[in-house]
Amino acid sequence: MTERSFVLYRSETRLTPRSEITRLLVDSARRSNREQALTGFLHHDDGIFFHWLEGDATPLAQMMQRIARDPRHSNLVTLASGPLPARRFPDCPMGYSSQTDYSLLRWLADHSVTVREHAVFATALLSFLEERAGSTGCQSSRSIWRAKASM
Ligand SMILES: Cc1cc2nc3c(=O)[nH]c(=O)nc-3n(C[C@H](O)[C@H](O)[C@H](O)COP(=O)(O)O)c2cc1C
């Protein structure tokens, strides 16, 4: 039996939140994650991706290798990783939100989070992503984009 694990990383990108290219990235990742029973949440904020990805250790490690090679982002830094007793995003093959929904900086300020330690930041980041997943209902990016287009 392979161990269930997670990776939380951040990377830098020139992609624009909610652009067509970003939508294609998220849609295709969602399809592939469903097939491999990977779940998690991607937040896209001011040129930075924050991504929590979880699943069985082997497919997760393979996916992380592919993600690390992806030219659509750079300077990937793993903030936390390890075994995971229970999935944090069981219903999200690939949740997505961006600063246009709620910026991480705003959230940190609203929650009076003082980040002095790496581990505190990783825990705060997970709480933020879980909150975003709750707010977006992990709806498909297509429906988010459609909702935005019809506003
Ligand atoms: C920030 C970011 C997160 C990504 N997350 C996933 C993901 O969770 N699942 C996935 O299948 N692809 C994800 N991708 C896309 C992969 O990097 C890669 O393009 C895709 O798995 C296809 O891999 P391949 O070109 O080696 O076949 C992500 C890309 C970026 C830039």
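Looking only at region 57-83, which residues are assigned to a helix (DSSP H, G or I) and either among the aliphatic types (A, V, I, L, M) or within 8 Å of the ligand (Cβ to nearest atom) (or both)?
Those that are assigned to a helix (DSSP H, G or I) and either among the aliphatic types (A, V, I, L, M) or within 8 Å of the ligand (Cβ to nearest atom) (or both): 57, 60, 61, 63, 64, 66, 67, 68, 69.
Does residue 112 satisfy being surrounded by fewer than 18 Cβ atoms within 10 Å (Cβ to Cβ), more than 13 Å from the ligand (Cβ to nearest atom), hydroxyl-bearing (Ser, Thr, Tyr) and part of a loop (DSSP other than H, G, I, E, B)?
So residue 112 fits the description; yes.
Name every residue in region 1-42 that is acidic (Asp, Glu), over 13 Å from residue 96 (Cβ atoms) and touching a residue at least 40 places away in the same chain (Cβ under 8 Å), in order of residue number.
3, 12
Read-outs throughout are calculated quantities, based only on the coordinates presented, and are distinct from any laboratory measurement. Predicted model only: the values in this text are computed from it and were never measured. No Cβ is skipped: glycine too gets one built from the backbone with ideal geometry, and neighbour counts run over all protein chains shown.
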